[in-house]
1. So which of A306, A310 ends up being under 13 Å from the mean Cα position of the chain (by Cα), touching a residue at least 24 places away in the same chain (Cβ under 8 Å) and open to solvent by 30 Å² or more (accessible area, probe 1.4 Å)?
2. Would you please name the residue that is modelled with the lowest pLDDT, looking only at residues in the range 48-98 that are polar (S, T, N, Q), assigned to a helix (DSSP H, G or I) and open to solvent by 50 Å² or more (accessible area, probe 1.4 Å)?
3. Only residues that are in contact (Cβ under 8 Å) with a residue 12 or more places away in the chain and within 12 Å of I241 (Cα to Cα): list them for the range 44-58, please.
4. Tell me yes or no: at least one residue of the range 176-185 is open to solvent by 60 Å² or more (accessible area, probe 1.4 Å), among the β-branched types (V, I, T), over 24 Å from L295 (Cβ atoms) and at pLDDT below 75.
5. Determine, yes or no, whether Q263 is part of a helix (DSSP H, G or I), within 17 Å of A310 (Cβ to Cβ) and open to solvent by 30 Å² or more (accessible area, probe 1.4 Å).
6. Pairs under 8 Å by beta carbon, first residue more than 25 Å from F58 (Cα to Cα) in the range 244-268, partner assigned to a loop (DSSP other than H, G, I, E, B) and of a type in the set (A, V, I, L, M, F, W, C), six or more apart or different chains?
7. For the range 12-41, what are the residues that are open to solvent by less than 20 Å² (accessible area, probe 1.4 Å) and assigned to a helix (DSSP H, G or I)?
8. Taking F249 and the conditions (1) open to solvent by 60 Å² or more (accessible area, probe 1.4 Å); (2) at pLDDT 80 or above; (3) within 30 Å of G48 (Cβ to Cβ), which numbered condition does it fall short on, given that it satisfies the others?
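The values are calculated or read from the model by the stated rules, or taken from the named source; none is laboratory data. Not measured: the values here are computed from a predicted model. Every residue, glycine among them, receives a Cβ derived from its backbone with ideal geometry; neighbour counts consider all protein chains shown. The accessibility values were calculated without ligands, DNA or RNA, using every heavy atom of the protein model including side chains. Shrake-Rupley method; radii C 1.70, N 1.55, O 1.52, S 1.80 Å.
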Amino acid sequence: MSHFSLRLQWILLLAASLTLGMILQWLHVPAALLLGPMIIGTFMGLSGATLRIDKRLFILAQAVLGCMIAQSLSPAILTPLLNDWPVVLAVLILTLAASGLSGFLLVRFSSLPGATGAWGSSPGGASAMVAMAGDFGADVRLVAFMQYLRVLFVATAAAVVARIGLDTSGAAGEMVWFPALNSGFLLMLTVMAGGAWLGQRLRIPSGALLLPALIGAVVQGTDIAELQLPEWLLALAYALIGWSVGLRFTRPVFLLALRTLPQMLISIIGLMVLCAGLAWMLTHVLGIDLMTAYLATSPGGLDTVAIIAAGSRVDIAFVMALQTLRLFTILLTGPAMARFISRFAHAG
């Protein structure tokens, strides 16, 4: 596909993504407008496409998701986390232990360097893990491949579980794709642009998503105005994120990873199973529904989990609160874990 012109590649990407996305939407698959572009982007990336999504567009797409999350956030979400802090703390520690075990075994039974295996198996925000990995001696290409391969698996699995476990048939019919725009739309654009800029300026991991979410939640909490986020803008953000993930699966990186691909797949599936076990535990201890618990503990990217949660009628506030806590826990402990795995995983 590399011999195709960029214009033709864009046409193929747009047409195929729209077609697959609408088919998945018609089948009531949660996050259909994310999965369609992600699958097509992966196929084109492995076929040699030279398209790339500008990093600034990816950042703005994350900011749009932040505004979407803001519509579901309120100070009330802190109550269950504070009331059940021992359970939340236990989940964070067990998730950290699961990712450490996954990375340790991956490095022990493959030819991957310790730092690469540790950062590649860390279940935080994928883009944040990739950004930090290079500072600790990891192969950024393999870390990116492992992170986004897991995102692809987790997003697909979560969407399938949501489709089987929840009634999503009414979600698509409630969409208003082109509503009359009001002042809330301008407010949303301000929060989106300002939060994205500030998140990048302050170098906050996943700040382009987290800061618009927090700022938007505060703005909405004042009851002065509500953010207006039309479906067409959300769909565009979903597509940009899906393409950004999918197009990273290039043939050269795939060939580089091919030697350890079986171990990578076992590591990813094992981590998903361990996190699913934590979700099952949460349903019994806190009494929340299984899908909310599954997404809250799911080892996928923060942005993709947010998209699936928004289309699955779960408690998105709880999901995002637990995912955000885990992200910062991984960021704080990641360097020490990488050093430990690098030192001991190949020993013996």
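1. On the way: A306 fails: open to solvent by 30 Å² or more (accessible area, probe 1.4 Å).
Result: A310 is the single residue among A306, A310 that is under 13 Å from the mean Cα position of the chain (by Cα), touching a residue at least 24 places away in the same chain (Cβ under 8 Å) and open to solvent by 30 Å² or more (accessible area, probe 1.4 Å).
2. Step one: of the range 48-98, the residues polar (S, T, N, Q) are 50, 62, 71-72, 74, 79, 83, 95.
Right, trim to assigned to a helix (DSSP H, G or I) and you get 62, 79, 83, 95.
So of that shortlist, the ones also open to solvent by 50 Å² or more (accessible area, probe 1.4 Å) come out as 79, 83.
Details: T79: 70, N83: 76.
Per the stated criteria, the residue is T79.
3. From the range 44-58, those in contact (Cβ under 8 Å) with a residue 12 or more places away in the chain are 44-53, 57-58; that's our starting set.
Across the range 44-58, the qualifying residues are R52, I53, L57, F58.
4. As a first pass, look at the range 176-185 and keep what is open to solvent by 60 Å² or more (accessible area, probe 1.4 Å): 176-178, 180-183.
Subset that is among the β-branched types (V, I, T): 176.
Pick out the ones that are also over 24 Å from L295 (Cβ atoms) and you get 176.
Those left that are additionally at pLDDT below 75: 176.
Yes, because at least one residue in the range 176-185 is open to solvent by 60 Å² or more (accessible area, probe 1.4 Å), among the β-branched types (V, I, T), over 24 Å from L295 (Cβ atoms) and at pLDDT below 75.
5. On the way: part of a helix (DSSP H, G or I): yes; within 17 Å of A310 (Cβ to Cβ): no; open to solvent by 30 Å² or more (accessible area, probe 1.4 Å): yes.
Judged against the criteria, Q263 is not a match.
6. Final answer for the pair search is T260/L112; Q263/F109; Q263/L112.
7. First, the residues of the range 12-41 that are open to solvent by less than 20 Å² (accessible area, probe 1.4 Å): 13, 17, 21, 30-32, 34-38, 41.
Passing the criteria: L13, S17, G21, A32, L34, L35, G36, P37, M38, G41.
8. The one condition F249 does not meet is (1).
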